[in-house]
Amino acid sequence: SPILGMSSQGNQTTIRIRRSAQEPDVMTLPNPDRLVVDLRTDPGRPRQIAWAPGIQWREDTVQIGASQFPVVSLVVDPRVPGVDLRPIWGNPTQVVGITPLASAAQESNAIAAINAGFFNRNNQNPLGAIRRDGRWVSGPILNRGAIAWDDVGNVAIGRLQLQEVATLSTGDRISVLHLNSGYVQAGTSRYTPDWGSAYVPLIDNEVIVTVRNGQVERQQLGGTAGSQAIAIPSDGYVLVVRSDSRVAGLLAPGTRVDMTSGSSPSQFDAYPHIVGAGPLLVQNSQIVLNAASEQFSTAFIQQRAVRSAIGVRSDGTLLLTTIQNQVGGAGPSLAETAQIMQALGATDALNLDGGSSTTLLLGDRILNRPSSTVARVHNGIGIFISPE
């Protein structure tokens, strides 16, 4: 039986029911007065609720082949006065750390949010682009998909790279591969005060170069991963050199360093807000999924899971979407996720972090899953309402 128990206290009766794939439909009926709890095994009825000007809560069922996927979305019109979107994360003083999306939304005063980019759950470091108010908080990796937007409703979705170059007073030039990122490979990365007050080596035998006011102040060995914390100067940054003794030799104390950076494609430089995830799903109304080119693993590519995605429609509205397990089966593949976003009307769409990270929040309610099953995440996209 789906009923696990019933208890009464005063004028309140509590009914405990077995959790199902769908949220139960609850209604009252007269003659005689009664409460009906409908535990559906098929997808629930479509729902469209105008929650606030420029924000609509939608629930749909999208059929792909023989499979039916329950879909929960927020449709957001960023051109409505007072409606804004911003990247959010848990700790405003550093980029390292994970937290429930509801906590990040509360900290930033967002009234709604969806989880966004990937991260390393062990060391809680970001693995993708975060740019807010024109400032890079964490750089993109692996030419993966990203979404960019401004404050008047313009949106761009595409694959993104950030190209940083350190030009030295010696005339040498160093390509800086990553900015404030948990992604590690041989070469040079840069960590600014947005990372936090200190940098803790991510792998063994890094060379840590402290730069203040555009000049190398000192160089030291990082030792064993995690063994020490090296201060990041408020008036500079640290360059972390991994497995490249030639570059380490160029960064002697006293050397002047001039940093330049730019996005590729360059159109992304015009957008103050960017969040990266991937893979890219839809562009110009066509499915362009190529997860291998964005260097996702074979296991990730073949996985079926609940998903988060974001897309833009031809009318300029944004779809912040979560896709649940199909009734009686597993969640969508990446290819099915692209088809679902296309079916919802997205002309451009991006896959976000999924699985246990998938969270869609509206007010104090998680729309897509029981709150007890929500995992901590690194970052999200928050929706804000301000008086006109």
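Numbers at a glance
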read-out	value
Total charge dipole magnitude, segment 242-388, about the Cα centre, Cβ charges on Lys, Arg, Asp, Glu only, Debye to nearest 20	420 debye
Positive-end extreme of charge dipole, segment 194-281 - chosen from S243, V275, P201 (charges on Cβ)	S243
Contour minus Cα-Cα distance for D315 and S175 (0.36 nm per residue)	46.4 nm
Dipole magnitude of the chain about its Cα centre (Cβ charges: Lys, Arg +1; Asp, Glu -1), debye to nearest 20	680 debye
Segment 155-180 residues near the modelled D258 label - backbone nitrogen below 14 Å, point 7 Å along Cα→Cβ	165-174
Sites T224 and S197, calculated FRET efficiency, Cβ-Cβ separation with R0 22 Å, nearest 0.05	0.60
Residue-span extension gain [D133 to Q106] - 0.36 nm each, minus C-alpha spacing	7.8 nm
Where labels lie 7 Å past Cα in the beta-carbon direction, separation of Q56 and Q68 in nm	2.2 nm
Carbon + sulfur, % of accessible area of the chain - ligands and nucleic acids excluded, 1.4 Å	46 percent
Accessible surface, the chain, averaged per residue in Å² (probe 1.4 Å)	45 Å²
Mean residue ellipticity (222 nm) of the chain, computed from DSSP H runs ≥ 4 via -39,500 (n - 2.57), nearest 500	-2000 deg cm²/dmol
Linear extension gain, S243 paired with Q286, 0.36 nm per residue minus alpha-carbon span	11.4 nm
Distance in nm between pseudo-label sites at T167 and R365 (7 Å out along the Cβ direction from Cα)	5.6 nm
Whole-number percent relative contact order across the chain, with pairs defined as alpha carbons under 8 Å at least 6 apart	22 percent
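The values are calculated or read from the model by the stated rules, or taken from the named source; none is laboratory data. Not measured: the values here are computed from a predicted model. Cβ atoms come from the backbone with ideal geometry, glycine included; neighbour counts cover every protein chain shown. Surface accessibility is based on the protein's heavy atoms, side chains included, excluding ligands, DNA and RNA. Shrake-Rupley method; radii C 1.70, N 1.55, O 1.52, S 1.80 Å.
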